[in-house]
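The values are calculated or read from the model by the stated rules, or taken from the named source; none is laboratory data. Keep in mind it's a predicted model, so treat the numbers as computed, not measured. Using ideal geometry, Cβ is built from the backbone for each residue, glycine included, and neighbour counts are taken over all protein chains shown. Surface areas here come from the heavy atoms of the whole protein model, side chains and all, with no ligands, DNA or RNA. Shrake-Rupley method; radii C 1.70, N 1.55, O 1.52, S 1.80 Å.
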Amino acid sequence: MVLIFAVTTGVIFACGIYLMLRRSMVRLIIGLSLLTYAVNLLIFSMDDLSTRGAPIIGATEPEKMADPLPQALILTAIVISFGVLAFTLALAYRASQAVQSDNMDVLQSTDREV
Amino acid sequence: MALLLIVFAPAAAAFVLTLIPRAARLAITVPALTFLYLLIGAPDGMSINIPWVPSVGISISFFMDGLGLLFALLISGIGSLVLLYSSAYFDEPAEYSRFSRYTLLFMMAMLGIVLSANLLLVFIFWEITSITSYLLIGFKHEKEAARDGARRALIITSAGGLAMMAGFLLVGIAAGTFELPEILGSGDVLRESPLYLPILGLILLGAFSKSAQWPLHFWLPGAMEAPTPASTYLHSATMVKAGIFLLARLGSTLNGTDVWFYVVTGVGLITFLYGGVIAMRQTDLKAILAYSTVSWLGVLVALQGTGSEYAASALVIGILAHALYKGSLFLVAGSIDHATGTREIDKLGQLARKMPFTFAGAVIAGVSMAGIPPLLGFLAKELLKAASLYEGMSGILATLFPIAAVVGSALTAAVALRIVWDTFLGSKAADTPHEAHEAPFSMWIGPLVLGAGSIILPFLLAPTLDTLVSKAVSAIRQETASIHLHLFEGINTPLIMSTIAILAGLGIFLIRKPVIAWLQARREYNPVAVYQWLFYDALPNGAEWLTHRLQSGKLRFYMMIAIAAFIAMTGLTIYAGQINLLGADVLGALDWEIVIVCVLLMVGAWAGIAAPTRLGAIVVLGIEGALLSLLFALFGAPDLAFTQLMIEVITLVLFVLAFHFLPDAFTTPIRLSARVVDAIIAAGAGLAVTMLILAARSNRIGDSISHWFVDNSVPIGQGHNVVNVILVDFRGMDTQGEIVVLIIAAMGVTALLRLRPHDQPRGKYVAEDTNQGGGDGGDGGIDQQHS
């Protein structure tokens, strides 16, 4: 089971990186989102993956529980990555106003003029 | 305790002066009291040791032996006179106060160097002297020459200091301790260490750069941009002798080898002769003094090559005599500059009648410098000659040393005569910007006190000097010594050599005009050109070239570098560590529903790349998020599934909103080769992550801590949903931090959306915003900008 998780994570990661290497600002942001998914999956695959009961005491037998720790870490990660995404989108909006383009390579034009 | 007070009292005084600048005139009491205490009351063998960073062997430890005492006396004694002198030298009280603060800080650092018992502490104080020297050379910071000189001195001496620190660390490795008394007592440990040559090279580099040895001497003449009291104190009497001190301090553990003898004596003698010759061709009084200081520093280095007892006594007397006469001459030069407005020796002359007290000080110092009996300078030169005849030397330097000693002494004598004669006497009247007048009391008393020292000390040989010299020589050689100096030991070889040197010096002085003209016509080999090339040409241009190479300004390029590094490090670690990737944990039974979700996730990720429009890409992203949430649900993580779905919805809304404003140029054509490179890097990164997960899951090195949370969720956290209890209770601070991150992100988003760039020219938002802010606040900021 770990193997398929590892491969899936790797593929999503690779696609995210490829998108981040594009010149389009929008593709960069989509790539960043994919990267976030991949990283969350990476943390999740540290779970044992053999027990699938929700870690709720009383509802699930302790030995059938999924590992609660990675879940807690991912929960934090999801929310933070949302904050980062919102900030990145605002930054992209601002940057595109400054350079009138979606092209990452022209972002440096503001440096050159000063 | 007394040692701590001696070292740190000047720093405390400097601090008081920053609070009460008008108290500058009282600052002199600190070094004066220190001097008196050292002279009369200080007991032998004081030491103190306070652990500071014991794990790496750094402690605040001080000790005082004869060598430390000798230097501490010079530092506090001349420091007192310099502070007194500068009270009249500076016309502005604010300048005087600033100068006093720097000088007191320097005094603290210098006392720290000579009294520290820990090598790393020595290094710290050493660098503080470099910094205070930088501040003092650049004292008149509105002058470009002062800034250049300050920077040059800082670069050379602190680079040397870093080399020295590396040497100290090696000493620590070789000797097993940084405590000086232990190192000095450890005999041949350093000499027999395989690290001996690196240690020697690095420490000599530090000492030579600080003590202005050829070819690193060129910062010292540049340092003459400092106010003259600072030149007197730092660049003649004390700081430049820190290198000499270091050689003397560590000499007993490092000397005795051929390398030591040839390098130390060789470099010292070259510097001795070079400084003497260059001093002759200078016309600025301070430049003459600077090069003659370089010259004498060469002697003090050369004397340490042999490690003989004669050489050690010559060293001690040489340090003392030089500090007295050269300090005095620097003060005299400052008084002349102050009184006449020039230091050009060609414009000066016949000042004796107008400045009688200054003249008296100059004559005594000049006679001592020329090595004319019965002053202290004569004794120093006698001992130098005696040391140059030491029989333990062999090879070509054994022959050259006595010759160089005579020639160098003759040059010194000629320079001394020239300074005194051409400035105060001579046939030509002064032609100076101001009419010359006698300096105030506090300015002429310094040279006279130092001069009195040069006269009286030789006649107090038995009671005072012998004790001090014996203590210092014992400390230098780490062998109990009992030195009895005599001003005249009858007619012997050193006396004959001294006589020849004085007569030759007189001869050079008499034909000085053609000699100086001839010297000035020669091209000077000047290592400063190398320095200029290195620090003003090669280094900036090289840095610029490299920066342009690395900083393309393209985000893609930076990311590629970072990702490639990640791939390389992960791959190398797994390859080199031969880490098992297919442990028992990895290959388990496959669950078909999971496989389907995973395949869909992979297809979705690829579709994100292939999507022709951005709306399509966003939809794909949404589907990915939903699939992920499904996966979480399947694996018993309902909280995750729910949160992921919620966030996914908000994200979609956010994307659609933002894209409304973003320019629509989703696909930009790019070369196929570039896409292939990108694809390879991306695939490599994906592979690295896959291997990372496999490696982590195949090689568990510890037990999971998760069961602790499960066991304690109800008893401690009073909650049944373990994930929630972890978030709000066990790792509550994490969640707190997460909230802070969200707030910061929200503030960032608000700030970004509120900035209005349309009506302002590009690249100038910041400046304009500042002005607006200043206007609103109504404080002094905006007024200052306009005034």
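Here are a few things to note about the model shown:
- Complete set of residues in the range B:157-184 that are in contact (Cβ under 8 Å) with a residue 60 or more places away in the chain, hydroxyl-bearing (Ser, Thr, Tyr) and closer than 28 Å to residue B:135 by Cβ: B:157
- Any hit, the range B:350-363, residues being surrounded by fewer than 24 Cβ atoms within 10 Å (Cβ to Cβ), polar (S, T, N, Q), in contact with a Pro (Cβ under 8 Å, 6 or more places away or on another chain) and at pLDDT below 85: no
Residue-by-condition table, conditions (1) closer than 23 Å to residue B:244 by Cβ; (2) open to solvent by less than 10 Å² (accessible area, probe 1.4 Å); (3) in a helix (DSSP H, G or I):
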| site | (1), (2), (3) |
| --- | --- |
| B:30 | no, no, yes |
| B:60 | no, no, no |
| B:84 | no, no, yes |
| B:124 | yes, no, yes |
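- Entry remark, the range B:547-586: residues being of a type outside the set (Lys, Arg) and more than 12 Å from chain A (Cβ to nearest Cβ) number 16 in total.
- Listed by position, the helices (runs of 4 or more DSSP H) enclosed by the range B:511-618 that each have at least 2 residues that are open to solvent by 80 Å² or more (accessible area, probe 1.4 Å) are B:512-521, B:539-550, B:555-576, B:592-610.
- Flag if residue B:212 is crowded, with 23+ Cβ neighbours inside 10 Å and farther than 30 Å from residue B:86 by Cβ: no
- Taking the range A:51-77 as the range and being facing chain B (nearest Cβ under 7 Å), within 16 Å of residue B:728 (Cα to Cα) and either open to solvent by less than 30 Å² (accessible area, probe 1.4 Å) or assigned to a helix (DSSP H, G or I) (or both) as the test, the residues that pass are A:55, A:68, A:69, A:71, A:72, A:74, A:75, A:76.
- Unmet criterion (only one of (1) outside any helix (DSSP H, G or I); (2) closer than 27 Å to residue B:721 by Cα; (3) more than 8 Å from chain A (Cβ to nearest Cβ)) for residue B:645: (1)
- Scanning the range B:667-683 for residues that are part of a helix (DSSP H, G or I) and at the interface with chain A (Cβ under 8 Å from one of its Cβ atoms), we see that the one that is surrounded by the fewest Cβ atoms within 10 Å (Cβ to Cβ) is B:679.
- Members of the range A:73-87 that are over 12 Å from the mean Cα position of the chain (by Cα) and either in contact (Cβ under 8 Å) with a residue 60 or more places away in the chain or within 13 Å of residue B:650 (Cβ to Cβ) (or both): A:86
- The set of residues in the range B:393-449 that are loosely packed, with under 14 Cβ neighbours inside 10 Å and either among the aliphatic types (A, V, I, L, M) or not in a helix (DSSP H, G or I) (or both) comprises B:394, B:395, B:396, B:403, B:427, B:428, B:429, B:431, B:433, B:434, B:435, B:437.
- Considering each residue of the range B:481-488 in turn, none proves to be among the small types (Gly, Ala, Ser), open to solvent by 40 Å² or more (accessible area, probe 1.4 Å) and closer than 29 Å to residue B:350 by Cα.
- Among the residues listed as B:740, B:725, the single one being buried (at least 20 other Cβ atoms within 10 Å of the Cβ), more than 7 Å from chain A (Cβ to nearest Cβ) and free of Cβ contacts under 8 Å to residues at least 60 places away in the same chain: B:725
- Residue match in the range B:367-381 (condition: among the β-branched types (Val, Ile, Thr) and surrounded by fewer than 24 Cβ atoms within 10 Å (Cβ to Cβ)): yes
- Filter pass, residue B:487 being under 30 Å from residue B:256 (Cα atoms) and assigned to a loop (DSSP other than H, G, I, E, B): yes
- The set of residues from the range B:344-371 being farther than 18 Å from residue B:288 by Cα and without any contact (Cβ under 8 Å) to a residue 60 or more places away in the chain comprises just one member, B:353.
- The set of residues from the range B:692-720 being within 8 Å of chain A (Cβ to nearest Cβ), hydrophobic (A, V, I, L, M, F, W, C) and farther than 18 Å from residue A:64 by Cα comprises B:692, B:693, B:694, B:696.
- Against the numbered list (1) in contact (Cβ under 8 Å) with a residue 24 or more places away in the chain; (2) within 7 Å of chain B (Cβ to nearest Cβ), residue A:94 comes up short only at (1).
- Candidate set: the range A:41-50, residues that are at pLDDT 90 or above and open to solvent by 20 Å² or more (accessible area, probe 1.4 Å); chosen: the one nearest to the other protein chains (Cβ to nearest Cβ): A:42
- Residue match in the range B:184-203 (condition: within 16 Å of the chain's Cα centre (by Cα) and among the hydrophobic types (A, V, I, L, M, F, W, C)): yes
- Restricting attention to the range A:25-40 and to residues that are facing chain B (nearest Cβ under 8 Å) and polar (S, T, N, Q), the residue that is nearest to residue A:97 (Cα to Cα) turns out to be A:33.
- Checklist (1) of a type in the set (Val, Ile, Thr); (2) modelled with pLDDT of 85 or more; (3) surrounded by fewer than 20 Cβ atoms within 10 Å (Cβ to Cβ) applied to residue B:56, failing item: (2)
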